[in-house]
Amino acid sequence: MLEGPMLAVSGLRVASVRLSVAALAFFAMGMLLSWSRMAVLIVPVVLGAVALVLAIRGRGFPGARPGRVIAFVMSVLAMIAPAATIAAVLLLTGPLAPSATYTLTVDSPETVNVVVRKGADRMSAAWDSGDTITFESNATVIGIGVKTSTRTTVISCEIRRDGIIVAAEERAGSVDCSFIKGDE
């Protein structure tokens, strides 16, 4: 008499564990293949939520296999692991990312107007030939735009990251040097 309900509970727990494993496998595959963060996050969380519902529905009959604890832990892990991993990645690439030292140099025979870009921040100034700015930043985009009042004057700019030239440009009138982290 108990055999039918116990088989049903076991089936629910097996389905819960399988969905949890599928969610974790999808998450691992998405991370390895560099899928979008939303796809890597949403699918495992939804599968984990369904697995949790199945684990809750299958909580009766302590003798059914797999155990209650395994079904619950696997479903919760399938929901929390992707969110925790993506949060950690965002923290490591965001404000806690290691910074680099950048040196921006402009060479021009006359004073030029300069716009320095550090991520979303911008700074404008007038620079003389050979002026340099050095700063530390974890921004993903660093750039310098230089413009002279005489369109035929040749000017150059250079960006060094930790002492290595990562961008250089020379042109008449105006020049733009940009460096995007990861394009090294």
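Quick grid of which residues meet (1) under 37 Å from the mean Cα position of the chain (by Cα); (2) at pLDDT below 85:
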position: Ala23; (1), (2): yes, no
position: Ser34; (1), (2): yes, yes
position: Pro44; (1), (2): yes, no
position: Phe61; (1), (2): no, yes
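Yes or no: region 92-100 includes at least one residue that is crowded, with 18+ Cβ neighbours inside 10 Å and in a strand (DSSP E or B). Show your work before the answer.
Within region 92-100, the subset crowded, with 18+ Cβ neighbours inside 10 Å is 100.
Now drop any that are not in a strand (DSSP E or B), which leaves 100.
Yes, region 92-100 contains at least one residue that is crowded, with 18+ Cβ neighbours inside 10 Å and in a strand (DSSP E or B).
Only one residue in Val50, Val21 is closer than 17 Å to Leu77 by Cα, without any contact (Cβ under 8 Å) to a residue 40 or more places away in the chain and either in contact with a Ser or Thr (Cβ under 9 Å, 6 or more places away or on another chain) or open to solvent by 60 Å² or more (accessible area, probe 1.4 Å) (or both). Which one? Testing whether each residue is closer than 17 Å to Leu77 by Cα, without any contact (Cβ under 8 Å) to a residue 40 or more places away in the chain and either in contact with a Ser or Thr (Cβ under 9 Å, 6 or more places away or on another chain) or open to solvent by 60 Å² or more (accessible area, probe 1.4 Å) (or both) leaves just Val50. For region 147-163, how many residues are open to solvent by less than 50 Å² (accessible area, probe 1.4 Å) and assigned to a loop (DSSP other than H, G, I, E, B)? Residues flagged as open to solvent by less than 50 Å² (accessible area, probe 1.4 Å) and assigned to a loop (DSSP other than H, G, I, E, B) within region 147-163 amount to 2.
Checking every residue in region 113-131 against the condition of being closer than 28 Å to Leu90 by Cα and hydroxyl-bearing (Ser, Thr, Tyr) gives zero matches. With the condition kept exactly as written, say whether any residue in region 119-139 is touching a residue at least 60 places away in the same chain (Cβ under 8 Å), surrounded by 18 or more Cβ atoms within 10 Å (Cβ to Cβ) and either polar (S, T, N, Q) or farther than 30 Å from Trp35 by Cβ (or both). Within region 119-139, not a single residue is touching a residue at least 60 places away in the same chain (Cβ under 8 Å), surrounded by 18 or more Cβ atoms within 10 Å (Cβ to Cβ) and either polar (S, T, N, Q) or farther than 30 Å from Trp35 by Cβ (or both).
The values are calculated or read from the model by the stated rules, or taken from the named source; none is laboratory data. Everything numeric here is computed off the predicted structure, so don't read it as measured data. We place every Cβ from the backbone using ideal geometry, glycine too, and count neighbours over all the protein chains shown. Ligands, DNA and RNA are stripped out before the accessible areas are found, and what is left, the full protein with its side chains, is counted by its heavy atoms. Shrake-Rupley method; radii C 1.70, N 1.55, O 1.52, S 1.80 Å.
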